[in-house]
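Enquirer: Before I ask anything, let me first share the structure, which is written out below as structure tokens.
The values are calculated or read from the model by the stated rules, or taken from the named source; none is laboratory data. None of the values given here were measured: they were computed from a predicted structure. With ideal geometry, Cβ positions are generated from the backbone for all residues, glycine too; neighbour counts draw on all protein chains shown.
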Amino acid sequence: MEEGAATWILEGEPTPGDRGGTHGLGVFETMLAVDGSIVSAHWHGERLLEGCRVLDLAVPDWSEVIDAIEVRLAGHRGRWRVRVARTAGAGSLNRLRGRGERTYVTVAPCADVPLTLRVATASWARNESSPLRGVKCLSYAENLLALDEARRGGVDELIFFNTRGELCEGATTNVYLEIQGQLQTPPLTSGCLPGTFRRGLLESGRAEERVLTRREVGAAERIFLSSATRGLVRVSEWIGF
């Protein structure tokens, strides 16, 4: 593998009319690799396989996927962003299960982690009742719109509330409020993605789930965001809040 970005198909062949490309029908994971090893690979696999179940996609052998990636990464030092996508292949619009499903992988050097992030509130709400709640779906346009809105507003990330007015998540991150020295994060019922770094904080006792509203945001001592590739990063400013 070259020192820059690389993409390869791990399973299947390019299929004309693959609905992963034409309709965003598929799932993906973005993972961190450090010195050739995938961080939290098992948790990423559990989330991807659950997404496959929701979208009725054939399930890949996750251990084979990880083994193949780590073979490619062998000898590569440092931090790498690894994206695994599972597409639905060709098929009809009224049937999820298709033919020619494929798994492809993109690897690139990981960007430097910022010391802090500036955020603003998204101009629309997350739908906590969506059937895709908790699925890391290839249909990612809503999050790309949010990232573009953030860029145009001069901030790094947009934070979403849901239709009930509860704190939910960032466009590409989970969110935490520090209240009385304890990290608190919205529950999955808020509509947020079950992030792998979030899971680690919860299982280690460093964070707890709680329904949070604008009142708690205003009372928070500090605010943090997390993602698999960045870890936990403090919010330095929430514009307009």
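Enquirer: Restricting attention to the stretch 76-124, which residues are part of a loop (DSSP other than H, G, I, E, B), farther than 20 Å from VAL34 by Cα and of a type in the set (Val, Ile, Thr)?
Expert: Those that are part of a loop (DSSP other than H, G, I, E, B), farther than 20 Å from VAL34 by Cα and of a type in the set (Val, Ile, Thr): none in the stretch 76-124.
Enquirer: Would you confirm, using the coordinates I've provided, whether ASN143 is more than 21 Å from TRP238 (Cβ to Cβ), surrounded by 15 or more Cβ atoms within 10 Å (Cβ to Cβ) and at pLDDT 95 or above? Let's see the steps before the verdict.
Expert: Values: more than 21 Å from TRP238 (Cβ to Cβ): no; surrounded by 15 or more Cβ atoms within 10 Å (Cβ to Cβ): yes; at pLDDT 95 or above: yes.
No, not satisfied.
Enquirer: Could you give me the residue pairs with C-beta distances under 7 Å whose first residue belongs to the stretch 230-241 and is of a type in the set (Lys, Arg), whose second residue is in a strand (DSSP E or B) wherever it lies, and which are 6+ apart or on separate chains?
Expert: If the second residue must be in a strand (DSSP E or B), the pairs left are ARG234/THR116; ARG234/ARG222; ARG234/PHE224.
Enquirer: Name the single residue, out of those in the stretch 194-224 being assigned to a helix (DSSP H, G or I), touching a residue at least 12 places away in the same chain (Cβ under 8 Å) and among the small types (Gly, Ala, Ser), that is surrounded by the most Cβ atoms within 10 Å (Cβ to Cβ). Steps first, answer last, please.
Expert: If we filter the stretch 194-224 for residues that are assigned to a helix (DSSP H, G or I), which is where we start, we get 196-204, 214-219.
Keeping just the survivors that are touching a residue at least 12 places away in the same chain (Cβ under 8 Å) gives 196-202, 214, 216-219.
When the remaining residues are screened for being among the small types (Gly, Ala, Ser), the result is 200, 218-219.
Details: GLY200: 18, GLY218: 10, ALA219: 11.
Looking at the filtered set, the residue picked out is GLY200.
Results for (1) in contact with a strand residue (DSSP E or B) (Cβ under 6 Å, 6 or more places away or on another chain); (2) under 16 Å from PRO114 (Cβ atoms); (3) surrounded by fewer than 16 Cβ atoms within 10 Å (Cβ to Cβ); (4) not aliphatic (A, V, I, L, M), shown as yes or no for each residue.
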| site | (1), (2), (3), (4) |
| --- | --- |
| ARG152 | no, no, yes, yes |
| VAL155 | yes, yes, no, no |
| ALA171 | yes, yes, no, no |
| GLU178 | yes, no, yes, yes |
| GLN184 | yes, no, no, yes |
| LEU188 | no, no, yes, no |
| CYS192 | yes, no, no, yes |
